[in-house]
Amino acid sequence: MLVPGSRQLSHFLAVVEHGSIGRAAKALNISEPALSKTIRGLEDLLQVPLFDRLPRGLELTMFGKSLASHARVVGAELRRAVIDLRELRGAEAGQVHVGAGPSFAVGLLPRVVAALLETRPHIRVSVIEGYADTLVPMVLHGEIDFALVTIDATPSDAELRQERLATDEVVIVARATHPLASSGAVDFADLIDQRWILPRRSDMLRIRLEVMFGEAALPPPLTVVDYASAGFACRMLLETDVVSFLPRRLLREELDRGSLVELMPERGCWTREIGILSRRRTQPSPAARLLLDGLRADAGGMGQ
C-alpha cells in the first residue's frame, strides 16, 4: 500500500493552515502550480478529495479533516524522532514539553523541574499551563510530551495512557481574618453567600465543589473571580475575604503559618488522583524520561 511522504503531508498541512494554495505556496516559498500538483497527487494517491474548492477558498472534506488530524501527529512524531537522535549522539542537550493543570504548575512541577536542572542544566523545559480541555488534545496531537493532571477527571481515550502518581486533598479555605474563620462550625449553607474565587467551569475542582453544594441541596456558590492561575488564587486569598477550593498541599506553608485556614476540614474535602497523561504509541524522549522519573520520585515521597 502506498502512503504519503513527509513532504506531501507538510505541504498539505500548510494549505490547511493558510486556507488557500496561494498563501500556502508563499509561506513554503514554492510556486502555486507546484503546490497544486502536490495536492492533486496526494488526492490521487489516497483516491479521495481532500478539499472542497469554494469561491471563498478551500474547505476540508471529511477525508481531509481525518488526514489533517493524523498528519499533525505524524509530523510531531518525526520532529521528536530527530530530536531524540540528536540527544542520543550528544548534538543537543534535550528538550521536554509538558502540560500542567493550574495547581500542578504552581506546586509539584516547579520543584521537580528545579531538581532536574540542577543535574542537567542544559535541558530546556517548556511548560504549558491549562485545563484538561486544552491539554488532552495537545497530548493527542503530539504537541506536548505529557500532561500532569487530575486523572480521575480526564476523559478516557484509547490513545491515552494514564499513570497514577499520588493522591491529593482539595479543601475549602479562607484567610485567618475572614469572618467565618472564627465563627465556629461552618456548613455549606454558611458558604453559599460568600464571595468565591474559583477556576473556570471546565476545571474539575469547580465541578466537584458544585457537586458538593448540590448534595447539600444548595445552588452553586457565588463566584466573583474566575482564575486560570492557582498562584493568583493563593495571593487573592491572602489579600481579601474570599473563599476558595484548593489543594491542601499547595497551601501547606500558609496553612502551617496560620495565615490561611480550612473552613470545613472534614466535610469540605475532596481526594483526587494526580497522574501523568501521555500518548500510548509514543515513547518519551530522553529529556522527557528524566522529568518523568523526577515526578515519580517526588510523588513517591508525597504519600499515597
Fill in the blank from the handout: Out of (1) free of Cβ contacts under 8 Å to residues at least 24 places away in the same chain; (2) open to solvent by 60 Å² or more (accessible area, probe 1.4 Å); (3) of a type outside the set (Phe, Trp, Tyr), the one Gly214 does not meet is (2)
Problem - Filter result for the condition that a residue is of a type in the set (Asp, Glu), modelled with pLDDT under 90, out of contact with any Lys or Arg (no Cβ under 6 Å at 6 or more places or on another chain) and under 25 Å from Ile192 (Cα atoms), over Glu254, Glu239, Glu262, Glu266 - result: Glu266
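With respect to Ser31, is the statement that it is free of Cβ contacts under 8 Å to residues at least 12 places away in the same chain and either of a type in the set (S, T, N, Q) or touching a strand residue (DSSP E or B) at 6+ places or on another chain (Cβ under 6 Å) (or both) true?
Values: free of Cβ contacts under 8 Å to residues at least 12 places away in the same chain: yes; either of a type in the set (S, T, N, Q) or touching a strand residue (DSSP E or B) at 6+ places or on another chain (Cβ under 6 Å) (or both): yes.
For Ser31, the condition - free of Cβ contacts under 8 Å to residues at least 12 places away in the same chain and either of a type in the set (S, T, N, Q) or touching a strand residue (DSSP E or B) at 6+ places or on another chain (Cβ under 6 Å) (or both) - is met.
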Handout entry: Of residues in the range 177-201 being under 19 Å from Glu254 (Cβ atoms) and of a type in the set (Gly, Ala, Ser), the one most open to solvent (accessible area, probe 1.4 Å)
Key = Ser182
Problem - Flag if Gly184 is in a loop (DSSP other than H, G, I, E, B) and over 29 Å from the mean Cα position of the chain (by Cα) - result: yes
Handout entry: Residues of the range 235-270 that turn out to be closer than 12 Å to Ala174 by Cβ and either open to solvent by 30 Å² or more (accessible area, probe 1.4 Å) or of a type in the set (Asp, Glu) (or both), as a count
Key = 10
Problem - First in the range 149-169 and open to solvent by less than 60 Å² (accessible area, probe 1.4 Å), second anywhere and of a type in the set (Ser, Thr, Tyr) and modelled with pLDDT of 85 or more, Cβ under 6 Å, 6 or more apart - result: Thr167/Thr271
Completion exercise
Output for Cβ contacts, cut-off 7 Å, separation at least six or different chains, first residue under 14 Å from Arg79 (Cα atoms) and in contact (Cβ under 8 Å) with a residue 40 or more places away in the chain in the range 280-291, second of a type in the set (Val, Ile, Thr) and surrounded by 14 or more Cβ atoms within 10 Å (Cβ to Cβ), reads Ser285/Ile83; Ser285/Val96
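The values are calculated or read from the model by the stated rules, or taken from the named source; none is laboratory data. Since this is a predicted model, take the numbers as computed values, not measurements. Note: ideal-geometry Cβ built from the backbone for every residue, glycine included; neighbour counts use all protein chains shown. Calculation scope for accessible area: heavy atoms of the full protein, side chains included, ligands and nucleic acids excluded. Shrake-Rupley method; radii C 1.70, N 1.55, O 1.52, S 1.80 Å.
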